[in-house]
Structures are given as C-alpha cells and as structure tokens.
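Below is one structure, written out as structure tokens; comments come after it.
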Number of protein chains: 2
Amino acid sequence: MTASAARTEPRPAPRKRAGNGAARPNDADEIGLDALVGHAGYAVRRFQIWIFQDFIKTLGEVDIKPTQYSVLTVIGANPGLSQMAVAKRLGIERARLVHLLDSLEQRKLVKRVKSKADRRSHALHLTAPGETALAKFKRLAAEHERHVVEKIGKENRERLLQILAGFT
Amino acid sequence: MTASAARTEPRPAPRKRAGNGAARPNDADEIGLDALVGHAGYAVRRFQIWIFQDFIKTLGEVDIKPTQYSVLTVIGANPGLSQMAVAKRLGIERARLVHLLDSLEQRKLVKRVKSKADRRSHALHLTAPGETALAKFKRLAAEHERHVVEKIGKENRERLLQILAGFT
DNA sequence: CGGCAATTGTTGTCGTCAACAACAATCTTC
DNA sequence: GAAGATTGTTGTTGACGACAACAATTGCCG
C-alpha cells in the first residue's frame, strides 16, 4: 500500500516547491502549505493563538484573561471612564463589556459609580484590592512578555510592536 | 480608518497617568492605554481583527472566509490528505473540520473519497470546479495581501512574515 | 417650555468558533 | 481473535462578536 496502490490519482505535479532559500526541514509532517505561507493573515493568526495561550497560562494562577486585563489596565490608567468610553477604546461591544464588568465587579476588582454629571452612565474605578491586584497582574504580564522575547527575540518583538503600532 | 488614522505621536514616551485627574470626561480619543501599549498580544490581536475583516470583505463576493481558504489551499496543494492530517496541519479540531468540509462539499468545491488503504479515513480532493474556484480565490487573496501592503508597507509586511515564519 | 431624537447601560438572540466527550467503524498490536 | 488506538462524526459547553430591542436619561430644537 505504500509504493503503488495508495495514490488513486496520478498526482498532478507536486506544486511548485517555492524554492526560497534552501531545503528547510519540515518539522511535523511533509504537508505543504503552498500559497498559505506568504499570507500575513495566516501567520498572524497562528502567532496570536500562541501568544494568547501563553498569556492565559502565565496569568492562569490569577484567572485573568487578555480581555479582562485590557479592561483593568484602561480603567486603572483612566479612572472615571464610562463603559461606553472603555468599550470604544478597546474595540469591544458595549453589550459585551457589561458581562466583563459584572465578572470583575463580583470579584471586587472594579466598581461602577453612578455618575452625577450624566446619570445614565457609570464611572468606572478600580477598588483598593483591584489596584493591588492589577499590580500583580502587570508583573505576570511582564513575565508573559518575556516569554515572547524568548520565542521571537528581543529585536523582533520590538520591530513587531513598531510595525503594528498604528493598530493600538 | 484608512491610511492617516495614525496618531501623530513622534515618539514612544511612556505615558503615565494622562493628567485627567479631574472628573471631566475625556474627549473620546484621548484615553491612554498605559501598560497596554508595549504588549505584543494586544497589538497582534488588533491587527488580526483588521486583517481578517479585510480578508472577509475582499473575498466577500465569493463567500470564502479565512479558515475555508486555508483548508482549500492545503487540500489543493496536497490532494488525498485525510481529514486528520489537514486538521493537524492547520491546527483546527477535527470535529470542526467536519462542518467546514460539509459546507465546502455542499458547494461542490471538495469531495471526500473513501480511502481504500484505510477505510476509516477520507481522502480529500478538490473537484474540477473547486480547482478553478480556488484559482479565483487566490487572485482575490492576493488583492487582499495588497491591502496589507498599503496598510503597513511592503518591507514591514515582509519583515512581519519573516518574524512569524516559525508559527506557520 | 415641551416633545422628539440620541445616548447609555442592559438584556436577549443569533452565528461563529474552540475545547471536549462520547460513539461506531476500522486499524494495529499482541 | 481480543484489547487498544485511530478516524470521522455528533453533540455540548463556553467564549466571543454582531445586532436588535428596551428603559432611563440627556440633548436638541422649534
């Protein structure tokens, strides 16, 4: 079944082997990606999966996920923001932010204060334990960032941040 | 968004507390991200959202999404692969691939051929219309890639691909 | 001043997606 | 041949984004 009978088709030319550089050892299998390599979106997606998994693992002991961390960071840096402002800044739906804040408020990290200027909106603040907790989260996030450096190198990480600076 | 949405901030000086200690609500765009800038994961996530949206929009007329495109590309470059092999190569669950292939098979782009060597598995092939369709998808994907170049620049895109080459 | 549109937070639905668990059919190994 | 692993499949769960609808409140405009 190996040599002759396996292929049901005469195999229409093994596609161009994209000879950029030299013979690179294909790690896992010998399955070619063809046009997929060279697509920025594919590379970015794979990298994003890796980096999020590492973040979640590194911040696992405090049970904080990337989105929660971003919300806490923005509130910590800009106390008194409304939910609308936070949602817009982070690019998340305000409907989604409701649940995120419900969770963070239950954990006593964030409090919603009724705004006097606009009684429709809530002013968001970190609680006292929220402040100290965020400090710890930031230490763990820095550790995660160190993992990124180990993975792609210090200069590459900085170049990456520079290239993507326009999207933050 | 388009080109000039970039903040014209000349240098990356670490912004401590944006001096909005007063209770005055911020003017929308002036919300500081504090520690969030400098996190690779955040930048990558935002970029990935942008790039996927552009891909979906550019390939909208043929109704092909990034994951579908990756599946078609891998099958096209490696005819006869099993579902397990495709799933492993692309890092998607084999349970998820079932639905993806159901959809692609309904659209007559892909066919599952019962393998004679291993009757548990299916050998995946593009149909004849699937081949021509994929050619068109690749042209559209190339157009999408041109949008990426317009957004971040030619050298930056290549540097990005180089940095993230290890994740493909 | 009064009414009407817009905004804010909230709830709910829908569709996508990843992560599992369970299962039948089949292969592999002993 | 029996036990265990693999492959495709189905189903469930939870996170997530996109929307729509709603009450309370604010802003606007005649």
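Surface composition of region A:87-168: carbon and sulfur make up 49 percent of the accessible area, probe 1.4 Å.
Can you find, among A:Q162, A:P66, A:A40, the residue sitting farthest towards the positive end of the charge dipole of region A:38-167, where Lys and Arg contribute +1 and Asp and Glu -1 at Cβ? With unit charges placed on the Cβ atoms, the residue in question is A:P66.
What total accessible area, in Å², is buried where chains B and A meet, using a 1.4 Å probe and rounding to the nearest 100?
So the total buried area for this chain pair works out to about 5700 Å².
Placing a label point 7 Å from Cα along the Cα-to-Cβ axis, A:E150 is separated from the same position in the other copies by 4.2 nm, shortest listed first. Applied to region B:64-73, the Karplus parametrisation 6.51 cos²θ - 1.76 cosθ + 1.60 on θ = phi - 60° returns per-residue 3J(HN,Hα) values of 10, 9, x, 5, 4, 4, 5, 5, 4, 5 Hz, with x for Gly and Pro.
Model label sites at A:D118 and B:A117, defined 7 Å from Cα along the beta-carbon direction, differ in position by 6.4 nm.
Rolled with a 1.4 Å probe across the full set of protein chains, the surface gives A:F167 an accessible area near 30 Å².
Ordering B:E143, A:E155 by accessible area with a probe of 1.4 Å, largest first, what comes out?
Of B:E143, A:E155, the descending order of accessible area is A:E155, B:E143.
Distances between equivalent label points of B:T132 across the copies, with each point positioned 7 Å along Cα→Cβ, amount to 7.0 nm, shortest listed first. In this label model, A:F52 and B:R94 are separated by 2.4 nm, measuring between points 7 Å along each Cα→Cβ vector.
All other residues with a Cβ under 14 Å from the Cβ of A:E105 taken together, and with Lys, Arg as +1 and Asp, Glu as -1, what is their net charge? Taking every Cβ under 14 Å from that of A:E105, the sum is +4. Multiplying the residue separation of B:M84 and B:H147 by 0.36 nm and removing their Cα-Cα distance gives an extension gain of 19.4 nm. Heavy atoms of the protein chains alone define the surface here; on that basis region B:36-167 has 50 Å² accessible area per residue at 1.4 Å probe size. Checking the Cα-Cα distances for A:K88/A:K116; A:K88/A:K114; A:K151/B:K57; B:K111/B:K136; B:K114/B:K136; A:K57/A:K114 against a 26 Å cut-off, the pairs over it are A:K151/B:K57; B:K114/B:K136; A:K57/A:K114.
Each of A:Q162 and B:V37 was given a label point 7 Å from its Cα along the Cα-to-Cβ line. The distance between the two points is 1.6 nm.
Within region B:66-96, the residues that become at least 30 Å² less accessible when every protein chain is included than when their own chain is isolated (1.4 Å probe; DNA, RNA and ligands ignored) are B:Y69, B:T73, B:A77, B:N78, B:P79, B:R89, B:L90.
With its label point defined 7 Å out from Cα along the Cα-to-Cβ axis, A:T67 lies at 1.7 nm from the matching points of the other copies, in increasing order. On the beta carbon distance between A:K154 and A:A128, with R0 = 30 Å, the FRET formula returns roughly 0.25. Its Cα centre serving as origin, region B:81-168 has a Cβ charge dipole (Lys and Arg +1, Asp and Glu -1) of approximately 380 debye.
The values are calculated or read from the model by the stated rules, or taken from the named source; none is laboratory data. Model, not experiment: these values are computed from the prediction. Here the Cβ is made from the backbone with ideal geometry for all residues, glycine too, and neighbour counts use every protein chain on show. SASA here: full protein model, heavy atoms, side chains in, ligands and nucleic acids out. Shrake-Rupley method; radii C 1.70, N 1.55, O 1.52, S 1.80 Å.
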